[in-house]
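K.L.:
One structure, as structure tokens, below. Some questions next.
Just so it is clear, none of the values below were taken in a lab; they were calculated from the coordinates. Just so it is clear, the structure is predicted and the values come from calculations on it, not from any experiment. All Cβ positions, even for glycine, are placed from backbone atoms using ideal geometry, and neighbour counts span all protein chains on display.
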Amino acid sequence: MLRLFQSNNMRNLAVAFCENEPEMRDPFKTSTVIIQSFELRYWLQMQTARLTGISSNIDFQLPASFLWKLYRYLQPEISDLDHSPFEREQMVWRLMRILDKSHSSYQDIAIYLQQEEKRNLRLYELSNELASLFDEYLMYRPDWVLDWESSSRISTSRDEEWQVSLWREIREDLGDKSGLHRAALHNVAMNKINRDAGLPWSRLSIFGFSSMPPLQLETFHRLSELIDVDIYFLNPCHEYWGDIVSETERARRSLKAIRNKPLTDLHEDYFEIGQPILSSLGQLGRDYFELLNGIENLQTFDIFSEPSSETNLGYVKKQIFSLSYSKEKNLLKKDQQEALKSDQTIQIHCCHSKTREVEVLKDQILRALSEIEDLQPKDILVAAPNIQLYSAFIRANFKNEIPFSINSSALTDDSFFFKSVIKLLSLPDSRITGQEIIEFLEVPAIARAQRIKSDDLEKLVSWINDSGIRWEIDGESKNNNWGLPPNDWNTWKFGLDRLLMGVIMRENNGPWHGIQPLEISLADTPLLESLCRFIDNLDKLRKQINKQYPIEKWLEIVQELLEEFFDPRDSEIIAEIQTRAALEGLRSETSGADFKDEISRETFLRALRGKIEDQTSITRSTSGGITFSNLLPMRGIPYRMICILGLNQGEFPRTENVNTFDLSSGGKNNRKGDRSRDKEDKYIFLESILAAEEIFYVSYVGQSSTHNFSPTPSTIVSEWHEYLQTIFEENKLITHKLNPFDLKYFRGDNAQTFSKTWFSGVERKRYATNESKPINKQTLSVDHINLSELRAFFGHSARFFLQKRLGVYYEKEVNAIRDAEPFEIGSLDDYKISENALESLKQNEPIEDLFSQTLHTGLIPSNALGATLLKKAIRRGEAIYSAIANELESKHPIQREVTIGSFKLQVDIQNAYKKKIIQARVGRLKDRQILQDWITHLAANSIEKIETKLVHRGDKHQIRTLSLQPLEAKIAEKYLSVFLEIYQDSLKAPVFFPPKQSRALNRDLKNGKEQKVTLDKLAAEWSNEYSFSEGPDPYWNNLFDVTKAFDDEFAYLATEIWEPLEKTLANE
Amino acid sequence: MSSEIANRINLTGVQLIEASAGTGKTYTICNLILRLLLGRGNYRSEPLAIDQILILTFTISATEELKTRVRNRILEAKNAFEIPSSDLFLKNLVEASPDKKQDKQLLINALRMVDQACVYTIHGFCAKVLKEYPFECGSTFNQEISDEKSRFVQTACEDFFRSNIFSRSPPIQKLMLAIWDTPKTLENSIGSFLNRSELSVSPAKKLVSEAEILKSVEEIKRIWIEESLESVIADSGLRKNSRIKTNANAMTDFCKSTEVDLTSELWGIFTPDKITKVKKGSPQLAHGIFQMIDDLLLLIENYKASLKVEAFEHIKRDLIISRSSSEFLGVDDLLPKVEDAIHNENLSLKKKLIEKWPVAMIDEFQDTDSVQWNIFQEIYRQKKKWNGPVAHWRPKTSDL
């Protein structure tokens, strides 16, 4: 007997299921349930346990595997076959073998495989596509396949011709197993299912399908003649809705009609559009519904429950339920209308980006949790067409705040285990950059196997940078893999040699045989050893896998790789087991298909990837938190709140690539019951509306964060929005602001954010103003001031304040690993080399050593030009040295503490000589440097009368010298106290004093310019300055409002500080 | 632009609409779409579905706008069948209708399917082709297509430095680095030419050899020293501060040193040109060496040109290899890939694309570059007729 239980509520179906299963009452009897998804199975188990007290001995089966069981039962001669030889997974390899041999007899395929490049991979991928195609034919077009076999079908196209002969070849290849495919077995089964069959099942339940291939349904129908078969169907509507069609469908049919028989029979209104949501989204279920209703002797049991229309969501469900379409207002009384105004059960959010979607989602979830009594995170489902695109934002926003789990493919999961396996097998494509190695070692399982701790990584990064490692193992691999000159410079060998040499040799003693040692601490040698071994192993693996091997050998390689490179713990162990299972899967498929050919690494990688994806896409168990997952078909599991993100056009409904040679697609070949991604996705949306018990939430990116343009929402969302607008006469769409800290979110209404971070930030003023409160003195003592601190402060007062007082640093990370070796000497490196040269000469060290040591650091291009450039840089240092060499006799550093007013200043001047302080610089002299040297000069002169010489590079590479004349101690102290007072004030509130601009101001004022004019000019020029000169940078710009900072106070300081300096400064 | 245009345009072959901004080019495109939807082409009366018309423009925001305009225009046209419209084009459209009921129905159909209108950017179109027709393109089925640029060009330029420039003899290396100091400079100067398959490069092969140049340098140096050109110049009666005179000593040093510097500014000072400028007809300065230097400079210029060709070809070769061997494609790689597939006579891509879209329209055609033009010219060129009398046409619009 075939019974249909239909309801608009999944819970009703579960109740009916428990009541109908007599086996439930006998723990020793097995109930067999055909079910499509893991989640639904889990949910049904939980429901059964709740309703009956226990859920046990239920045999859940996927329809395909149940049918194979049935076939085996009916045909004892195949009872020892676990899989059909026509199963897609095996068929891939069989096809690959066949096509490799005989592709020349298929013209199109021969052309496709013509090119040598990646031929093996293309062969595999084509086989993969064809295997899926034949699998679909067997399921949805069994009659074609049988006709092909009996030669009773005339090919209608070139594509069909070659597919028929390929099919024959497959059958020949399979020999006596050539009849064991679904189409043939189905026919046999249909004949054998009779009273004599003695089936092992007495009843079957088919739970929660919203569509089913006609072939399967036919089998179950036939079975129902012998045993009881119960179908549980989630039916959104209790009216008959088999003949309503969507607008698009109607358009297509109409166009076809006009084309075929113009001017006649235009029955525009023949097809009912009816309830717009049901007609536009429900086609998939409707086809199934029609198939079911076409079955004779079907007993139907309606267990519908009418949705309550108290909320907006309930009202929509009720409309769908009753196949009606009317405006809400007409039906409700005034007070009810009022109550619905604040209704939040249906929400549409339009955001600027994926990040914003997740931020908005979090706020709305928090609101729901705070407003709805006993709502738990586990009652919330968040889905997206591709949740993987959101996982980073989800983690960033929800971690440590609301429990959650993300169900997505394992290839993207947290542990990076699978990704690393894939990456290791992709090594031949890689140039082995420093960054890639660090990324490997960031994976805990890999680091553990190499005995590298996570705190070691920082050290490794600095080793890579300092030793000049950029890419490739050594010169030889550069040559073999990329056809480049076999030059070791900037390779791993180059850098590791430097580090190893550094264990036994001092840097000053290098280079030895062209290796400049890089000293490391002796305690770090085990780490270095681990690193060397790791690189070595990677190199070996890389060389090994850059070949073609039979699949057996590939499996062996991966098994060794798992041993060698991974030491998994916790969840990584599961990942490792899954990887091994994937390998086992590949082994049995290929041996089943008798496939022994050698395959390329790319092919193996693609196959392994596919296998891992297949195996791990089965969702892992729920965690008690919010569930994030992909939008999946055939679930319809009730959740109290369902949110769908990323509903943009092009992304949802998801598009499915149909191969052009697919005979079952395209216009006239479509049949009722065919699979279609488009219909499936639309039905998922409909199921989600029904499954949402309290809140149904959708969001999409409908605004651009960079341009004034609006990305389009999915058509489904547009239709949904339009529909809601019609029935509620109210806009359900919430358009969000670009930033989460927009004032809109702080007004205490429905848009109020729950974010504490932004709340505390929102009221702060951005710039320091005269009215801002000074910071308390706190820890920084101003009694004892170091001369170097004073110098640093006047070099850049904003940077000093932010770094020293607030601990704010805007510098870009210096430790970024670079991918390519130097092709020139960068200007900063160039300057440093000149400076080193000057320093070495001052220390009387031989300059040749500096040359050869620097040459082998990897900072210099490896060609002849590198050496020339290096020489030039050193020569600049030498030139400055020669200008000061004569002055450098009898060094006598000035070290003392001086008391100036209430301040005690620690003075330590090393570059002081007899009667002179020498401030030598290899570059040009900047205004801030003059200012700093002036401070030193003042400090020195408060102790003894002494001249300062400022030697530097002028225009046209000449050496220039400025001098600061000696001062009386009293005068020096007077000037110095100005600096000290400003410094003291600056510890309470920031001081705006850019040296270059203040000097320019003082000069202009002295030349008789008007103060106001000059200040305006400086403010205007500020933004035109290059940053990192002495102009605008994040420190100045974040601390001060530049339109106001050039004020009278600034002008006063400029004169007070620069005027005495300029007087003392003399050109030489 | 008058509404007449859209009626007068022949809907076969390749058509170009050229007009200045704001004169209604997009309006015309919408009208042409109406004609196609109603089967009012002058080739065949079968009405097209909206997803059979390929509409291309240049930015994503322009595609969004075009979609809206097309939709609104169809809506207007549908309404014109109910309430007489003042729009001349629509008026004609309604008046010329052989069957008003059917035409209105066709427009209603088009409205219902309007979200399936094929309005793309050229890159979007290429990405779609590569994804949906891998078999016809001869590519793998799972290529990853990114919105960003791939690193292929950058790597190719770096590799040219590594394998070519850095392994040259010092003088040539210096000469090359004077053209491009870093791979980045090379990438900037060469990047925009790489994807233009129609460019033919001249000179096709090296005109000058390295040895020839070095020989000439040696010769000049030898003569300068042996015939003491410095003193010849000193006695030539040139003004004291003449650049020729002040640099003669430096030139002697330069000729004495073993280093060969082809980029030195000194060469340019001692050419006959410069000499006749300051001192015409001086017998001392009629020395043959100056002509030799001039010839050398020409050699160097030619050699530089051949170096540029060499770099171009080297990088292009690398690029083709990386594009075919990588599973990952960046934005820049899409067009060349599709172009290759369309030009490959063995593949059936062209045929499949025409089947899918018998008509294509390109808005903002002035932005089309030669690769893009090649692609569409190749698809829609009427070499042989396809499936009977359907013809392909493409209006283009252009700002001048």
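K.L.:
What does DSSP give for the protein assembly as shown in terms of the percent of beta bridges that are antiparallel, rounded to the nearest 5? Write out the running numbers ahead of the final one.
P.N.:
Details: 24 of 94 bridges.
So the antiparallel bridges in the protein assembly as shown amount to around 25 percent.
K.L.:
Further question: Putting +1 on Lys and Arg Cβ atoms and -1 on Asp and Glu Cβ atoms, find which of A:304, A:418, A:995 reaches farthest to the positive end of the dipole of chain A.
P.N.:
Sorting the options by dipole projection puts first A:995.
K.L.:
What's the ranking of A:417-423, A:139-145, B:239-245 by average number of surrounding C-beta atoms within 10 Å, highest first?
P.N.:
Working: A:417-423: 20.3, A:139-145: 18.4, B:239-245: 13.4.
Per-residue Cβ counts within 10 Å, averaged per peptide and sorted highest first, yield A:417-423, A:139-145, B:239-245.
K.L.:
Full extension from residue A:435 to residue A:448: what is 0.36 nm times the residue separation minus their Cα-Cα distance, to one decimal in nm?
P.N.:
2.8 nm
K.L.:
I'd like the distance separating the alpha-carbon centroids of the range A:68-144 and the range A:446-475, in whole Å.
P.N.:
So the two Cα centres are separated by 46 Å.
K.L.:
Continuing with this model, one more query. Once amide H atoms are placed 1.01 Å from N in the peptide plane, what residues at a sequence separation of 5 or more from residue A:426, or on another chain, have their amide H within under 5 Å of its amide H?
P.N.:
Long-range HN contacts for residue A:426: none found.
K.L.:
I would also like to ask the following. Enumerate the amide H contacts of residue A:519 below 5 Å, restricted to partners 5 or more residues apart or on another chain; note that Pro and chain-start residues carry no placed amide H.
P.N.:
The list, which skips near neighbours in sequence, is A:507.
K.L.:
Take the Cα pairs of the protein assembly as shown, get the Kirkwood Rh, then feed it into Stokes-Einstein at 20 °C and 1.002 mPa s and tell me D in µm²/s.
P.N.:
Rounded, D is 54 µm²/s.
K.L.:
Once you charge only the Cβ atoms, +1 for Lys and Arg and -1 for Asp and Glu, what is the size of the charge dipole of chain B about its Cα centre, to the nearest 20 debye?
P.N.:
Numbers: 54 positive and 55 negative charges, 223 e Å.
Dipole magnitude for chain B comes out near 1080 debye.
K.L.:
Multiplying the sequence separation of residue A:524 and residue A:970 by 0.36 nm and subtracting their Cα-Cα distance, what value in nm do you get? All intermediate terms of the calculation are to be shown ahead of the outcome.
P.N.:
Details: separation 446, 0.36 × 446 = 160.56 nm, distance 5.44 nm.
Taking residue A:524 through residue A:970 to full extension adds about 155.1 nm, to one decimal.
K.L.:
Given R₀ = 35 Å, FRET efficiency for residue A:225-residue A:177 by Cβ-Cβ distance, to 0.05?
P.N.:
So the FRET efficiency works out to roughly 0.75.
K.L.:
Let's test the formula: R0 of 30 Å, r as the Cβ-Cβ distance of residue A:458 and residue A:567. What FRET efficiency results, to the nearest 0.05?
P.N.:
In this case the efficiency is close to 0.90.
K.L.:
Given a cut-off of under 8 Å on Cα pairs at least six residues apart, what relative contact order in percent is computed for chain B? Present the calculation step by step, with values, prior to reporting the outcome.
P.N.:
Values: 457 pairs, mean separation 117.0, N = 400.
Across chain B, relative contact order equals 29 percent.
K.L.:
Could you work out, residue by residue across B:131-137, how many beta carbons of other chains sit within 10 Å of that residue's beta carbon, and then give the average as an integer?
P.N.:
5
K.L.:
Moving on. So if I place +1 on the C-beta of Lys and Arg and -1 on the C-beta of Asp and Glu, and nothing else carries charge, what would the dipole magnitude of the range A:942-1060 be about its Cα centre? I want it in debye, nearest 20.
P.N.:
So the magnitude is around 500 debye.
K.L.:
Shifting gears a bit: When Cβ neighbours within 10 Å are restricted to other protein chains, what is their mean count per residue of peptide A:104-114?
P.N.:
Mean inter-chain Cβ contacts per residue within 10 Å come to 3.
K.L.:
So which of A:399/A:453; A:29/A:177; B:174/B:337; A:945/A:996 end up more than 32 Å apart, counting from Cα to Cα? Provide the component values of the computation, followed by the final result.
P.N.:
On the way: A:399/A:453 24 Å; A:29/A:177 35 Å; B:174/B:337 36 Å; A:945/A:996 28 Å.
Pairs exceeding the cut-off: A:29/A:177; B:174/B:337.
K.L.:
Among B:186, A:217, which comes first, second and so on when ranked by fewest other beta-carbon atoms within 10 Å?
P.N.:
The order, fewest Cβ neighbours first, is A:217, B:186.
K.L.:
A follow-up question, please. Fully extended, how many nm does the chain gain between residue A:202 and residue A:656 (0.36 nm per residue separation, minus their Cα-Cα distance)?
P.N.:
159.5 nm
K.L.:
For A:463, B:373, which order do you get if you count the other beta carbons within 10 Å of each Cβ and list the fewest first?
P.N.:
Working: A:463 23, B:373 14.
Going from sparsest to densest Cβ surroundings: B:373, A:463.
K.L.:
Considering the options A:910, A:1005, A:1019, tell which one lies farthest towards the positive end of the dipole of the range A:893-1051, charges being +1 on Lys and Arg and -1 on Asp and Glu at the Cβ, about the Cα centre.
P.N.:
A:910
K.L.:
Shifting gears a bit: Using the basic label-point model (7 angstrom from Cα toward the beta carbon), what is the residue B:193 to residue A:302 distance in nanometres?
P.N.:
Output for this residue pair reads 7.8 nm.
K.L.:
Hey, with R₀ at 30 Å, roughly what FRET efficiency would residue A:739 and residue A:910 work out to, going by the Cβ-Cβ distance, to 0.05? Display every interim value, and only then the final one.
P.N.:
Values: r = 51 Å, r/R0 = 1.69.
With R0 = 30 Å, the Cβ-Cβ based efficiency is 0.05.
K.L.:
Run down the lysines and flag those whose C-alpha is under 20 Å from the C-alpha of residue A:988, throwing out any fewer than 8 positions away in its chain.
P.N.:
Within the straight-line cut-off, residue A:988 pairs with A:765, A:773, A:777, A:804, A:904, A:1044.
K.L.:
What distance in nm separates the simple spin-label points at residue A:119 and residue A:154, each placed 7 Å from Cα in the Cβ direction?
P.N.:
Using points 7 Å along Cα→Cβ, the separation is 3.9 nm.
K.L.:
I've got another one for you. To the nearest whole number, what is the average tally of beta carbon atoms from other chains within 10 Å of the beta carbons of peptide B:138-147?
P.N.:
4
K.L.:
Could you work out the helix-only [θ] at 222 nm for the protein assembly as shown, with each DSSP H run of four or more residues adding -39,500 (n - 2.57) and the total divided by the number of residues, to the nearest 500 deg cm²/dmol? Don't jump to the answer; show the numbers that get you there.
P.N.:
Numbers: 61 runs with 734 residues, N = 1468.
That comes out to -15500 deg cm²/dmol.
K.L.:
Please state the relative contact order of the range A:861-986 as a whole percent: Cα pairs under 8 Å, 6+ residues apart? Let's see the in-between values first.
P.N.:
On the way: 172 pairs, mean separation 26.3, N = 126.
Contact order relative to length: 21 percent.
K.L.:
If packing is taken as the average number of other Cβ atoms within 10 Å across a peptide's residues, how do A:358-371, A:527-540 rank, most packed first?
P.N.:
A:358-371, A:527-540
K.L.:
Continuing with this model, one more query. Would you be so kind as to identify which of A:930, A:113, A:1064 lies farthest towards the positive end of the dipole of chain A, taking Lys and Arg as +1 and Asp and Glu as -1 on Cβ and the Cα centre as origin?
P.N.:
Towards the positive end, the residue furthest out is A:1064.
K.L.:
Please report how far the C-alpha centroid of the range A:342-364 lies from that of the range B:215-268, rounded to the nearest whole angstrom.
P.N.:
Cα centres, the range A:342-364 to the range B:215-268: 77 Å.
K.L.:
Only Lys, Arg, Asp and Glu count, each charged at its Cβ (+1, +1, -1, -1), so figure out the dipole size of chain A about its Cα centre, rounded to 20 debye. Don't skip to the answer; put the middle values down first.
P.N.:
Details: 133 positive and 159 negative charges, 526 e Å.
Here the size comes out at about 2520 debye.
K.L.:
Continuing with the same structure: For a quick check of your reading of the filter: which GluC sites (Glu not before Pro) in the range A:697-743 sit in a DSSP loop and have no more than 15 other Cβ atoms within 10 Å?
P.N.:
Sites meeting the loop and neighbour criteria: A:729, A:730.
K.L.:
Please rank A:1022, A:492, A:1036, fewest neighbouring Cβ atoms within 10 Å first, as an exposure proxy.
P.N.:
Going from sparsest to densest Cβ surroundings: A:1022, A:1036, A:492.
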